[in-house]
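The values are calculated or read from the model by the stated rules, or taken from the named source; none is laboratory data. Computed from a predicted structure; not experimentally measured. Because the Cβ atoms are built from the backbone with ideal geometry, glycine has one as well, and the counts that use them run over all protein chains shown. Please note that ligands, DNA and RNA were not included when accessible areas were found on the heavy atoms of the full protein model with its side chains. Shrake-Rupley method; radii C 1.70, N 1.55, O 1.52, S 1.80 Å.
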Amino acid sequence: MAEEQEFETETMAGIYANQGHYGKAIGIYRRLLEQAPDRSDLKDKLLRIESKKKFEDETRLAKKFSEWLDLLMKRKKLETLKQLKNTR
């Protein structure tokens, strides 16, 4: 990991962010800020990426919840069909 961190740059963080690897980008920006805490530009970039990650996480959670509800409704329909079949 030390070797990997040796090559972490603002450019790499930007590339990761553009590719949607927000966690990796956030890690790099945080480590860069440890080295240069006065850099408001890095703070701004970190906040933007964290916001994007949060939105992506919330969107993913909403999608999973929607899929779960769909499955729940399908299960209910199957149970109803089984009951109808058994009454015949």
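Numerical summary
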| item | result |
| --- | --- |
| Any hit, the stretch 23-31, residues being among the hydrophobic types (A, V, I, L, M, F, W, C), open to solvent by less than 80 Å² (accessible area, probe 1.4 Å), touching a Ser or Thr at 6+ places or on another chain (Cβ under 9 Å) and without any contact (Cβ under 8 Å) to a residue 60 or more places away in the chain | yes |
| For LYS85: the one exception among (1) among the charged types (D, E, K, R); (2) more than 30 Å from HIS21 (Cβ to Cβ); (3) surrounded by 10 or more Cβ atoms within 10 Å (Cβ to Cβ) | (3) |
| Candidate set: the stretch 40-62, residues that are among the hydrophobic types (A, V, I, L, M, F, W, C) and open to solvent by less than 90 Å² (accessible area, probe 1.4 Å); chosen: the one farthest from GLU10 (Cα to Cα) | ALA62 |
| For GLN19: the one exception among (1) open to solvent by 60 Å² or more (accessible area, probe 1.4 Å); (2) of a type outside the set (Ser, Thr, Tyr); (3) farther than 19 Å from ARG60 by Cβ | (3) |
| Subset of the stretch 72-82 that is of a type outside the set (A, V, I, L, M, F, W, C) and open to solvent by 100 Å² or more (accessible area, probe 1.4 Å) - its residue that is nearest to GLY20 (Cα to Cα) | LYS74 |
| Single unsatisfied condition, ALA36 versus (1) under 27 Å from THR11 (Cα atoms); (2) under 22 Å from the mean Cα position of the chain (by Cα) | (2) |
| LEU69 surrounded by 11 or more Cβ atoms within 10 Å (Cβ to Cβ), under 24 Å from the mean Cα position of the chain (by Cα) and hydrophobic (A, V, I, L, M, F, W, C) | no |
